[in-house]
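Undergrad: Encoded as structure tokens, here's the structure I'll be asking about.
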Amino acid sequence: MSTKEETPADGDKPQTSSWKDSIYNPRTGEFIGRTAKSWALILLFYLVFYGFLAGMFTLTMWVMLQTLDDNIPTYRDRVASPGLVIRPRSLDIVFNRTDTKQYGQYVQHLENFLQQYNDTVQEKNELCMVGEYYEQDDQEEKKVCQFKRSLLRQCSGLSDTTFGYTEGKPCVLVKMNRIIGLKPRGDPYINCTAKRESPLQMQYFPSEGRFDKMYFPYYGKNVHSTYVQPLVAVKLLLTKEDYNNELTVECKIEGSDLRNSDDRDKFLGRVTFRVKVVE
Ligand SMILES: *[C@@H]1O[C@H](CO)[C@@H](O)[C@H](O)[C@H]1NC(C)=O
Ligand SMILES: *[C@@H]1O[C@H](CO)[C@@H](O)[C@H](O)[C@H]1NC(C)=O
Ligand SMILES: *[C@@H]1O[C@H](CO)[C@@H](O)[C@H](O)[C@H]1NC(C)=O
């Protein structure tokens, strides 16, 4: 912004402009180098310009939000595959089987976790068709298929209230993380193997460690609020020879298209934990 600019009218006079003229020049009516009209135009220009930007932003945001569904994430992996987790929530299950205090935390944890699977609670849910996906595209509020804890038999905490921990044959519950819309192909089941020379005997509940198709798909917590994941209980039939040795057990989901051998994610379709029972 030049302040020494001369107009032809005062071109013949000696230049008298001072620094004050740079703020307000009485000869030309300029304020910081611009006339009032010029300033008004500039203000108007920026007003319109930023107004336009704000409008563009709001419009794009609005269009974007129209395409989002509250219940389904828009961007997902090509083939979403769930991770496996176990209960009790510990990857190091170590206890002295004659000391109630030591395994008490695991038993308590399993008991708390299974509250939502109480038979009395689950009786309010639907009896679904075995081996069929339970698709509910029409309803607003989705129904839930029953999963009663009594299905877990010796690992239900009902007949044996310590889940096998007292007898040194502990139960571990395996569940898949929820993935909205997941419909596993095939017949997914849990297969656990212990890393030792001779195979470790295990019992699975429900039989063969299967996850029934009726528990899929899951529709998200907004519309499927009382949904419970199916569970597989694994009872590790440890013997006296196993006591005092740390045993590594790996459980994998097999028999389906769910991934279970990703190099980068060791919880994708599998879970590894350690068990050590002392006496
Ligand atoms: C296990 O607990 C019992 C009873 O509290 C105790 O006598 C025994 O020494 C404990 N065993 C080990 C290996 O700590
Ligand atoms: C689940 O059942 C147990 C015993 O059967 C009972 O003590 C507990 O209160 C029940 N919990 C719920 C949430 O119904
Ligand atoms: C479980 O996995 C082990 C080891 O990978 C395998 O030998 C066994 O056949 C599997 N069992 C079933 C029922 O798939």
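The values are calculated or read from the model by the stated rules, or taken from the named source; none is laboratory data. Computed from a predicted model, the values in this text were never measured in an experiment. Glycine gets a Cβ as well: all are built from the backbone with ideal geometry, and neighbour counts include every protein chain shown.
Undergrad: Every residue in the stretch 96-134 that is touching a Phe, Trp or Tyr at 6+ places or on another chain (Cβ under 9 Å) and within 19 Å of LYS213 (Cα to Cα), please.
TA: Passing the criteria: TYR117, GLN122, ASN125, GLU126, CYS128, TYR133, TYR134.
Undergrad: Out of THR35, THR98, I need the residue that is outside the structural domain of TYR227 (by TED's automatic domain parsing), modelled with pLDDT under 95 and not aliphatic (A, V, I, L, M). Which one?
TA: Of the residues listed, the single one that is outside the structural domain of TYR227 (by TED's automatic domain parsing), modelled with pLDDT under 95 and not aliphatic (A, V, I, L, M) is THR35.
Undergrad: Which count do you get for residues in the stretch 230-239 that are surrounded by fewer than 19 Cβ atoms within 10 Å (Cβ to Cβ) and free of Cβ contacts under 8 Å to residues at least 60 places away in the same chain?
TA: Total meeting the criteria: 1.
Undergrad: Filter the stretch 123-147 for residues that are of a type in the set (Lys, Arg), within 23 Å of the chain's Cα centre (by Cα) and surrounded by fewer than 16 Cβ atoms within 10 Å (Cβ to Cβ) and give the result.
TA: LYS143 - this is the single residue of the stretch 123-147 that is of a type in the set (Lys, Arg), within 23 Å of the chain's Cα centre (by Cα) and surrounded by fewer than 16 Cβ atoms within 10 Å (Cβ to Cβ).
Undergrad: Considering only residues that are touching a Cys at 6+ places or on another chain (Cβ under 9 Å) and not in a loop (DSSP other than H, G, I, E, B), look in the stretch 214-230 and name the one that is nearest to ligand 2 (Cβ to nearest atom).
TA: Here the answer is TYR215.
Undergrad: Looking at VAL228 and the list (1) farther than 21 Å from PRO199 by Cα; (2) within 13 Å of ligand 3 (Cβ to nearest atom); (3) in contact with a helix residue (DSSP H, G or I) (Cβ under 6 Å, 6 or more places away or on another chain), which single condition is not satisfied?
TA: For VAL228, the failing item is (2).
Undergrad: Looking at the stretch 140-154, which of its residues are assigned to a loop (DSSP other than H, G, I, E, B), out of contact with any helix residue (DSSP H, G or I) (no Cβ under 9 Å at 6 or more places or on another chain) and more than 19 Å from LEU182 (Cβ to Cβ)?
TA: Across the stretch 140-154, the qualifying residues are GLU140, GLU141.
Undergrad: Mind checking whether some residue in the stretch 125-134 is out of contact with any Gly (no Cβ under 6 Å at 6 or more places or on another chain), part of a strand (DSSP E or B) and among the acidic types (Asp, Glu)?
TA: yes
Undergrad: Working only within the stretch 259-276, note down all residues that are away from ligand 3 (no atom under 14 Å from the Cβ) and assigned to a loop (DSSP other than H, G, I, E, B).
TA: The answer is ARG259, ASP262, ASP263, ARG264, ASP265, LYS266, PHE267.
Undergrad: I'm trying to understand the selection: among the residues of the stretch 88-113, which are surrounded by 15 or more Cβ atoms within 10 Å (Cβ to Cβ) and within 16 Å of ligand 2 (Cβ to nearest atom)?
TA: Those that are surrounded by 15 or more Cβ atoms within 10 Å (Cβ to Cβ) and within 16 Å of ligand 2 (Cβ to nearest atom): VAL107, HIS109, LEU110, PHE113.
Table: residues versus (1) over 27 Å from GLU241 (Cβ atoms); (2) touching a residue at least 12 places away in the same chain (Cβ under 8 Å).
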{"site": "GLU135", "(1), (2)": "yes, yes"}
{"site": "ARG153", "(1), (2)": "no, yes"}
{"site": "SER159", "(1), (2)": "no, no"}
{"site": "TYR165", "(1), (2)": "no, yes"}
{"site": "PHE205", "(1), (2)": "no, yes"}
{"site": "GLY209", "(1), (2)": "no, yes"}
